[in-house]
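First up is the structure itself, then whatever we jot down about it.
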Amino acid sequence: MPKRAASPKIRLSWQLKIELLDVTPTVWRRLIVPETIKLPKLDRAIQAAFGWTNSHLHEFIIAGVRYAYPDPDWAEELKQVDETRIVLLDALGYEARSFDYVYDFGDHWHHVAILEDRHMQTSPTSPIQCIAGENACPPEDVGGSHGYAEFLEALSDPDHDDYERYQTWSGGNFDPRRLDLQATNRSLAKIKI
């Protein structure tokens with residue numbers, strides 16, 4: 001009797017549009033993530049998709065609950081829930097269709113994520129993908145949205161007092177309109193689900 005070909009494994013995924021608030025030009029990414037993704041992996045995916053370096057604290061605010069990696073020094077004051085074992089589907093429930101993600105409490109990079117669609121994936125593609133987006137993410141430690149605006153203003157004018165300093169600090173090749181989806185997806189493919 002001939003062997004039957006294995007049927008493809010079906011995974012349910014969500015399409016999320018994640019936008020970084022309070023910056024110009026607008027920075028956003030459209031991600032496909034498994035609906036069973038745990039929050040620490042979603043944090044890694046957002047970091048990779050936006051080009052952050054994961055060198056600061058973060059938190060998710062989902063349905064009024066604050067989830068983060070526990071920090072015993074701030075646990076009581078911040079009233080955060082340990083995100084370690086939390087699955088996005090469980091945190092969102094069936095009613096919520098958006099949530100917030102805050103990265104770097106000093107610069108306060110506030111993102112809003114909107115659940116746009118559900119997908120059934122049967123192909124062997126990476127479980128996390130960035131399918132669209134716009135513009136480069138601000139550099140780490142630039143000083144939040146206000147500092148980023150000053151940074152872009154200085155880089156746009158070679159006669160600006162801080163032009164050379166910012167050119168050197170940013171490596172001399174920062175383009176606020178650049179987004180390399182292939183490089184982004186290579187980074188996302190390294191995340192093991």
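Within region 39-94, the residues that satisfy the criterion of being of a type in the set (D, E, K, R) and within 27 Å of residue 27 (Cα to Cα) are 41, 43, 44, 59, 66, 83.
What are the residues in region 71-81 that are farther than 15 Å from residue 38 by Cα and either surrounded by 10 or more Cβ atoms within 10 Å (Cβ to Cβ) or touching a helix residue (DSSP H, G or I) at 6+ places or on another chain (Cβ under 9 Å) (or both), if any? Even if it seems obvious, please write down each step before you answer.
In the first step, residues of region 71-81 are kept if they are farther than 15 Å from residue 38 by Cα; the result is 71-80.
Listed by number, the residues that qualify are 71, 74, 75, 78, 80.
Residue 183 satisfies every condition listed in (1) closer than 14 Å to residue 50 by Cβ; (2) aliphatic (A, V, I, L, M); (3) surrounded by 18 or more Cβ atoms within 10 Å (Cβ to Cβ); (4) free of Cβ contacts under 8 Å to residues at least 60 places away in the same chain except (3). Picking from residues in region 26-50 that are at pLDDT below 95 and surrounded by fewer than 19 Cβ atoms within 10 Å (Cβ to Cβ), the one that is nearest to residue 130 (Cα to Cα) is 35. Of the residues that make up region 17-31, is at least one among the aliphatic types (A, V, I, L, M), within 18 Å of residue 118 (Cα to Cα) and within 12 Å of the chain's Cα centre (by Cα)? Scanning region 17-31, I find at least one residue that is among the aliphatic types (A, V, I, L, M), within 18 Å of residue 118 (Cα to Cα) and within 12 Å of the chain's Cα centre (by Cα), so the answer is yes.
Residue 20 passes every criterion in (1) touching a residue at least 40 places away in the same chain (Cβ under 8 Å); (2) more than 17 Å from residue 98 (Cβ to Cβ); (3) of a type outside the set (Phe, Trp, Tyr) apart from (2). Of the residues making up region 82-103, those that are surrounded by fewer than 16 Cβ atoms within 10 Å (Cβ to Cβ), part of a loop (DSSP other than H, G, I, E, B) and of a type in the set (D, E, K, R) number 3. Condition first: hydrophobic (A, V, I, L, M, F, W, C), out of contact with any Cys (no Cβ under 9 Å at 6 or more places or on another chain) and either without any contact (Cβ under 8 Å) to a residue 40 or more places away in the chain or not in a helix (DSSP H, G or I) (or both). Can you find one or more residues in region 32-49 that meet it? Looking through region 32-49, at least one residue is hydrophobic (A, V, I, L, M, F, W, C), out of contact with any Cys (no Cβ under 9 Å at 6 or more places or on another chain) and either without any contact (Cβ under 8 Å) to a residue 40 or more places away in the chain or not in a helix (DSSP H, G or I) (or both).
Just so you know, in region 50-81 the residues that are of a type in the set (A, V, I, L, M) and part of a helix (DSSP H, G or I) include one that is nearest to residue 117 (Cα to Cα), and it is 78.
Scanning region 125-144 for residues that are surrounded by fewer than 18 Cβ atoms within 10 Å (Cβ to Cβ) and in contact (Cβ under 8 Å) with a residue 24 or more places away in the chain yields a total of 9.
The values are calculated or read from the model by the stated rules, or taken from the named source; none is laboratory data. Please read these numbers as outputs of a predicted model, since none were measured by experiment. Methodologically, a virtual Cβ is constructed for each residue, glycine included, from the backbone with ideal geometry; neighbour enumeration extends over all protein chains shown.
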